[in-house]
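Each remark here refers to the structure printed beneath this line.
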């Protein structure tokens with residue numbers, strides 16, 4: 001399960017140089033790392049880039065062990081895909097590094113930027129319904145994760161899980177998901193009504209700054225360094 | 001399986017760029033269709049359904065490495081336009097969490113969004129005498145089968161070029177000059193074999209979810225976008 005609540009806590013509580021830089025600079029940083037992953041032909045170059053990101057994350061006070069563990073989540077699917085490729089260890093390694101490096105950069109962005117700043121930036125480029133939908137999805141996700149925990153505990157306490165009975169388990173899980181949908185809609189409607197009462201009209205109160213400032217040197221230089229590493233690797 | 005977990009830099013640039021262009025066009029059409037809709041009612045529903053999709057997609061069914069998408073459920077609950085937008089939101093947030101590449105957001109949204117649109121269409125085309133569970137399950141099964149074929153099509157047209165790795169093929173001992181070519185038949189076999197069991201699970205879960213909602217909160221299925229079409233259903237087909 002994606003640990004969204006913890007990510008939110010890290011984003012709001014840190015005060016390192018990555019936290020202090022502007023969201024737009026971190027978006028540029030992400031784009032530079034994604035570009036490096038797109039053009040990389042050597043897993044070693046990208047692995048060196050991944051190492052550089054680890055060092056920067058550790059020096060910036062980001063929770064790098066957890067970020068590293070989360071970034072490896074992307075490797076599972078990359079490995080599955082790479083198994084269908086007629087290639088050896090080299091190509092599989094390249095695919096895995098191509099998956100985990102942008103994932104690590106993305107996680108560095110989200111664990112160092114509070115969500116209102118990210119959604120504020122997004123709402124300045126996306127249509128209202130999509131930006132509002134993204135925001136509502138993110139908020140509802142927290143509620144759903146809590147509900148999922150409660151649901152799992154409740155179903156165990158009431159004997160809903162029967163080892164070996166696929167039919168019974170599937171039926172209970174399906175009804176749980178259906179209940180989740182119904183409750184999620186009710187809660188989301190309430191949250192949205194409260195937001196509208198408080199003055200929400202499709203955009204975030206905090207406007208994202210699209211100007212760079214001196215504290216943005218770290219994400220920008222890290223992104224450029226990773227891209228140069230991949231470009232110049234022999 | 002109809003959500004590609006392909007990392008960035010694997011698919012050719014023209015393919016993922018085309019994916020982004022087509023996705024933007026379809027999103028534009030969806031927004032055009034929704035221009036007169038009451039967004040105050042739609043946004044909470046959109047957020048809730050997208051969040052449920054996200055939760056569902058983050059749960060792996062082992063050992064199939066399959067996750068349910070609930071995209072057909074999203075199409076039935078939200079309608080085709082909002083269903084497609086939900087697919088975009090879900091893919092964007094998944095990419096933000098490192099689940100699938102950023103460059104494949106366009107293609108993934110097209111795949112997942114087409115499931116929502118197709119699932120919605122099939123659900124309303126199937127006989128209303130059929131119980132909601134079976135209507136949903138059948139719509140889901142057919143939709144996932146078509147979407148998986150589309151996924152295989154995308155991967156086969158990607159023509160992953162061995163030259164992409166030619167730099168390393170010259171490295172001693174690597175011998176990759178003929179490696180790195182995607183075996184479409186191998187990929188198709190893997191996806192269709194594992195996928196089939198996944199479709200069965202997803203069809204059963206989707207059927208049960210929509211049948212439960214039809215019993216407990218039928219107004220969720222009769223929202224303004226397709227209320228007229230569903231009114232008959234609530235009278236006759238809900239079991």
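The values are calculated or read from the model by the stated rules, or taken from the named source; none is laboratory data. All values derive from a computational prediction rather than experimental measurement. Please note: Cβ atoms are built from the backbone with ideal geometry, for glycine as well, and neighbour counts cover all protein chains shown.
How many residues, within region B:13-62, are facing chain A (nearest Cβ under 7 Å) and in a loop (DSSP other than H, G, I, E, B)?
2
Hey, any hits in region A:136-156 for a residue that's out of contact with any strand residue (DSSP E or B) (no Cβ under 8 Å at 6 or more places or on another chain), more than 11 Å from every other protein chain (Cβ to nearest Cβ) and more than 30 Å from residue B:46 (Cα to Cα)?
So far as region A:136-156 goes, yes, one or more of its residues are out of contact with any strand residue (DSSP E or B) (no Cβ under 8 Å at 6 or more places or on another chain), more than 11 Å from every other protein chain (Cβ to nearest Cβ) and more than 30 Å from residue B:46 (Cα to Cα).
Do we have residue A:46 as within 26 Å of residue A:16 (Cα to Cα) and buried (at least 24 other Cβ atoms within 10 Å of the Cβ) here?
Considered against the rule, which asks whether it is within 26 Å of residue A:16 (Cα to Cα) and buried (at least 24 other Cβ atoms within 10 Å of the Cβ), residue A:46 comes out as yes.
Could you give me the residue pairs with C-beta distances under 6 Å whose first residue belongs to region A:153-181 and is assigned by TED's automatic domain parsing to the domain that holds residue A:137, whose second residue is surrounded by 15 or more Cβ atoms within 10 Å (Cβ to Cβ) and at pLDDT below 70 wherever it lies, and which are 6+ apart or on separate chains?
Cβ pairs passing all conditions: A:172/A:160.
Do we find that residue B:205 is at pLDDT 80 or above, at the interface with another protein chain (Cβ under 10 Å from one of its Cβ atoms), touching a strand residue (DSSP E or B) at 6+ places or on another chain (Cβ under 7 Å) and in a helix (DSSP H, G or I) in this structure?
It is false that residue B:205 is at pLDDT 80 or above, at the interface with another protein chain (Cβ under 10 Å from one of its Cβ atoms), touching a strand residue (DSSP E or B) at 6+ places or on another chain (Cβ under 7 Å) and in a helix (DSSP H, G or I).
Every residue, every condition in (1) farther than 26 Å from residue B:87 by Cα; (2) surrounded by fewer than 20 Cβ atoms within 10 Å (Cβ to Cβ), yes or no:
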site: A:60; (1), (2): yes, no
site: A:88; (1), (2): yes, yes
site: A:107; (1), (2): no, no
site: A:116; (1), (2): no, yes
site: A:136; (1), (2): no, no
site: A:145; (1), (2): no, yes
site: A:151; (1), (2): no, no
site: A:154; (1), (2): yes, yes
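Right, residue A:152: over 14 Å from the mean Cα position of the chain (by Cα), farther than 26 Å from residue B:156 by Cβ and assigned to a helix (DSSP H, G or I) or not?
Judged against the criteria, residue A:152 is a match.
Which condition from (1) in contact with a helix residue (DSSP H, G or I) (Cβ under 7 Å, 6 or more places away or on another chain); (2) within 14 Å of another protein chain (Cβ to nearest Cβ) is the one that residue A:38 breaks?
(1)
Conditions tested, residue by residue: (1) more than 14 Å from chain A (Cβ to nearest Cβ); (2) at pLDDT 90 or above; (3) crowded, with 21+ Cβ neighbours inside 10 Å.
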| site | (1), (2), (3) |
| --- | --- |
| B:101 | no, no, yes |
| B:109 | no, yes, yes |
| B:113 | no, yes, yes |
| B:122 | yes, yes, yes |
